[in-house]
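Since the structure comes first, as structure tokens, the remarks are kept for the end.
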Amino acid sequence: MKRENVIGRANVEDTPELEAYYASLEGEALGALWNVANEIEPWFPQPKSVPILWKWRRIEPFVRRAPELVAAERAARRVVMLVNPGRKEWSAAAGLLYTGVQIMNPGEFTSAHRHQASALRFIMEGRGAYTVVDGERMDLGARDLVLTPNGTWHDHGIDASGTQCIWQDGLDIPLMNSLDANFYEVHPDIVQKPSGLSRENWSKPYSPVFKYGWEESYKALTQSASHSQFDGKVYEYKNPLSGGPIMPTIGAQLQLLKPGEETKAHRHTGSAIYQVAQGRGWSEIAGQRFEWEEKDIFALPSWAPHRHGAHEESVLFSFNDFPAMRALALYREEPA
Ligand SMILES: [Fe+2]
Ligand SMILES: [Fe+2]
């Protein structure tokens, strides 16, 4: 029990009589709120996720080893997950977001499936990767972003003429599971026949654009007029029809930091997972400093004060659960 000597907060002293009462409540699947109230209604968010940086040079050997040990079709998705030490039971990298690094060899493919979780992938390296989403085939290169929104059929693979490919997957699996709203289905065909996708009268709750190529996105970032003292220059990947986020639960953005630039600290509800697309720099999260370079991945827990700096011109890719937070009117932000 966490007692607080503040009016409006629970502050009940244990007595033998009360302890006996609590024990009998438990036997009836009941409980005394005042014993847990201060814990389950904290003054501000108390994420179990910890700030963490996964250095690419530490992850890479494990990722490269996976294809030697497990066949792509047996694994279904051959992925090394990034697991936050505070969120193991949810397989989350931070908060309600999952991330992993997937590796495929030329000629390999995954079977088509769909799920309630929304997903994106940010290509890290390789040639010949493709994803088919609801019948539309997209060829992918380094730093391209591709969406597989909730409920879309998708499969992916590497052309036989390609090279070993690696990408980062980002999904809201922990959110779906904490809402008890997850579903998974396999497609009647092993892989989809690319057929093209009609976007007439688009009424889906996600972007009709599934692929955001690196060249155009980087160009849009450098030309972006939006500069924030907390984030540097920002380009948000958007649904061009609504002007809103790419998917109902997941948003994504690029940040450009100039050499020597240091942003001001802020904090907000919602978590984010970053991948360093280019450059070298650092982020300070909840008082911890993390030095990062290209392909490093780091996790920002909800409400943790954070700021970024760059040793050289750097681009940070990140995805977040802000659209889910905003849809539920839970998004809050303040300087920290
Ligand atoms: Fe999937
Ligand atoms: Fe932020």
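The values are calculated or read from the model by the stated rules, or taken from the named source; none is laboratory data. Worth saying up front: this structure is predicted, and the values here are computed from it rather than measured. Cβ placement follows ideal geometry from the backbone for every residue including glycine, while neighbour counts extend to all protein chains displayed. With ligands, DNA and RNA removed, areas are computed over all heavy atoms of the protein, side chains included. Shrake-Rupley method; radii C 1.70, N 1.55, O 1.52, S 1.80 Å.
Can you bin the stretch 57-211 into rounded, prolate or oblate? Criterion: square roots of the alpha carbon gyration tensor eigenvalues sorted a ≥ b ≥ c, rounded for a/c under 1.5, prolate for a/b above b/c, oblate for the rest.
Numbers: a/c = 1.65, a/b = 1.07, b/c = 1.55.
Note, shape of the stretch 57-211 comes out oblate.
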On the full set of protein chains, 1.4 Å probe, figure out the accessible area of Leu175 and give it in Å² to the nearest 10. 20 Å²
Within the stretch 30-160, what whole-number % of the accessible surface is contributed by carbon and sulfur, with the 1.4 Å probe and all protein chains included in the calculation? 54 percent
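The stretch 54-154: which trypsin sites (Lys or Arg not before Pro) are DSSP loop and have at most 14 other beta-carbon atoms within 10 angstrom?
Working: sites: Lys55, Arg57, Arg58, Arg64, Arg65, Arg74, Arg77, Arg78, Arg87, Lys88, Arg114, Arg121, Arg127, Arg137, Arg143; in loops: Lys55, Arg77, Arg78, Arg87, Arg127, Arg143.
Of the trypsin sites (Lys or Arg not before Pro), the ones in loops of the stretch 54-154 whose Cβ has at most 14 other Cβ atoms within 10 Å are Arg77.
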Over the stretch 190-336, equivalent-ellipsoid semi-axes from the Cα gyration tensor in Å: 28, 19, 14
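Assigning unit charges at the beta carbon (Lys, Arg +1; Asp, Glu -1) and nothing else, what dipole magnitude in debye, to the nearest 20, does the chain show about its Cα centre? Spell out each step's value before the answer.
On the way: 35 positive and 43 negative charges, 166 e Å.
I would put it at about 800 debye.
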Sum -39500 (n - 2.57) across every DSSP H segment of at least 4 residues in the chain, then divide by the residue count to get the 222 nm mean residue ellipticity, nearest 500. -5000 deg cm²/dmol
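Taking the square root of 5 times each eigenvalue of the Cα gyration tensor, what semi-axes in Å does the equivalent ellipsoid of the chain have, largest first?
Working: eigenvalues 279, 131, 79 Å².
Values for the chain, descending: 37, 26, 20 Å.
Rolling a 1.4 Å sphere over the protein heavy atoms, what is the accessible area per residue of the stretch 133-198, to the nearest Å²?
Working: 2820 Å² over 66 residues.
Counting only protein heavy atoms, the per-residue value for the stretch 133-198 is 43 Å².
Give the percent of DSSP beta bridges with both residues in the chain that are antiparallel, rounded to the nearest 5. Intermediate values should be presented prior to the final figure.
On the way: 81 of 81 bridges.
Counting DSSP beta bridges with both partners in the chain, the antiparallel share is about 100 percent.
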Rank-order 46-53, 191-198, 267-274 by packing density, defined as the average count of other C-beta atoms within 10 Å over each peptide's residues, highest first. 267-274, 46-53, 191-198
With every protein chain left in place, what is the accessible area per residue of the stretch 206-336 in square angstrom, probe 1.4 Å? 40 Å²
Positive-end residue of Pro335, Tyr235, Ser271, charge dipole of the chain with Cβ unit charges: Tyr235
In degrees rounded to 10, the 0-90 angle between helix 214-223 Cα long axis and the longest Cα principal axis of the chain is 60 degrees
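Please say if the stretch 29-79 is rounded, prolate or oblate, where rounded means a/c under 1.5 for a ≥ b ≥ c the square roots of the C-alpha gyration tensor eigenvalues, and otherwise the choice is prolate for a/b larger than b/c and oblate otherwise?
Values: a/c = 6.14, a/b = 2.33, b/c = 2.63.
Judged from the Cα gyration tensor, the stretch 29-79 comes out oblate (a/c at least 1.5, b/c at or above a/b).
If we sort 226-232, 162-168 on the protection proxy, mean other Cβ atoms within 10 Å, highest first, what's the order?
Per-residue mean Cβ counts within 10 Å order the peptides as 162-168, 226-232.
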Apportionment of accessible area to carbon and sulfur, the stretch 277-323, percent (1.4 Å): 41 percent
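Let me know the shape class of the stretch 246-286, please: from the alpha-carbon gyration tensor, a ≥ b ≥ c as square roots of the eigenvalues, rounded when a/c is under 1.5, otherwise prolate if a/b is greater than b/c, or oblate. It would help to have the intermediate numbers written out before the result.
Numbers: a/c = 2.33, a/b = 1.44, b/c = 1.62.
Oblate is the answer for the stretch 246-286, as a/c is 1.5 or above yet b/c matches or exceeds a/b.
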The answer for the stretch 19-131, accessible area per residue at 1.4 Å probe in Å², is 53 Å²
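Tally up the carbon and sulfur contribution to the accessible surface of the stretch 213-259 as a whole percent, 1.4 Å probe, everything protein left in place.
Numbers: 1170 of 2180 Å².
Reported share for carbon and sulfur atoms: 54 percent.
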